[in-house]
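Read-outs: derived from the displayed coordinates by stated rules, not from any lab. Everything numeric here is computed off the predicted structure, so don't read it as measured data.
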Amino acid sequence: MFASFVEQDEEVKEIFYQKIKEKMEKEKQKHLDKISEGFFGWLLEPIADIAYTWRRDSEKEQGNSGENSVSWALHFWLPSDAVIVNDLVLEPVPDDFIQIVHLVLNSNGIFVLETKSWDGVFLGLKNKWRMRQGNKWVEVKSPTKQN
């Protein structure tokens with residue numbers, strides 16, 4: 001038998017994802033403002049807008065695909081006493097949200113899992129994570145700290 005899924009009420013998730021959308025729009029606008037300051041800004045801004053949106057959408061799709069793959073793997077591999085909650089959004093204090101990608105509960109305990117759809121060579125040491133790019137190690141956002 002397979003592990004079971006439990007879903008959260010959508011109300012809190014909608015607020016969380018609206019805040020994420022607003023944050024992304026601010027980042028995008030900041031990026032476009034820098035480009036529009038230049039001499040050919042009027043020409044480059046629409047191109048940069050499309051490129052930025054495409055890159056963000058691509059990253060989001062890659063992340064969603066990885067999270068879905070892990071979710072189904074957990075469903076099929078874990079025993080029937082396991083309960084899986086995917087994309088759990090909590091509001092520990094008013095207007096401050098956290099997201100848990102996968103929460104697994106079973107007789108062995110409660111497990112919090114963070115899924116990353118990264119490709120390449122990574123080195124994680126406590127809260128400091130790095131990715132190999134060419135001959136250099138570049139710091140990336142820590143999934144350990146995020147969890």
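In square nanometres and to one decimal, what's the mean projected area of the convex hull around the Cα atoms of the range 41-147? If you can, show how the numbers build up before the last one.
Working: hull surface 41.9 nm².
One quarter of the hull surface, i.e. the mean projection, equals 10.5 nm².
Whole-Hz Karplus ³J(HN,Hα) for the range 30-35, in order, using 6.51 cos²θ - 1.76 cosθ + 1.60 and θ = phi - 60°, x for Gly and Pro?
Once θ is set to phi - 60°, the couplings for the range 30-35 become 4, 4, 5, 4, 4, 5 Hz.
Please give the calculated 222 nm ellipticity per residue for the chain, where each DSSP H segment of at least 4 residues contributes -39500 (n - 2.57) and the sum is spread over every residue; nearest 500 deg cm²/dmol? Show your work: numbers first, answer last.
Values: 3 runs with 68 residues, N = 147.
Result for the chain, helices only: -16000 deg cm²/dmol.
May I ask for the angle, rounded to the nearest 10°, between helix 41-77 and the longest principal axis of the chain, with both axes built from Cα atoms and the value confined to 0 to 90°?
Taking the Cα atoms of the chain, the angle to 41-77 is about 10 degrees.
For the range 18-69, just say rounded, prolate or oblate: build the C-alpha gyration tensor, square-root its eigenvalues into a ≥ b ≥ c, call rounded for a/c under 1.5, and beyond that prolate if a/b exceeds b/c, oblate if not.
On the way: a/c = 4.58, a/b = 2.08, b/c = 2.21.
It is oblate, given that a/c is not under 1.5 and a/b is not larger than b/c.
Distances over 16 Å make up what percent of all Cα-Cα pairs in the range 1-47? Each step should come with its number before you reach the end.
Details: 660 of 1081 pairs.
Tail of P(r) above 16 Å: 61 percent of Cα pairs.
Relative contact order, percent, of the range 36-118 when contacts are C-alpha pairs under 8 Å separated by at least 6 residues?
On the way: 79 pairs, mean separation 19.5, N = 83.
Over the range 36-118, the number comes to 23 percent.
Please work out the C-alpha center-to-center distance from the range 48-101 to the range 2-41 and express it in whole Å.
Taking the Cα centre of the range 2-41 as reference, the centre of the range 48-101 is 14 Å away.
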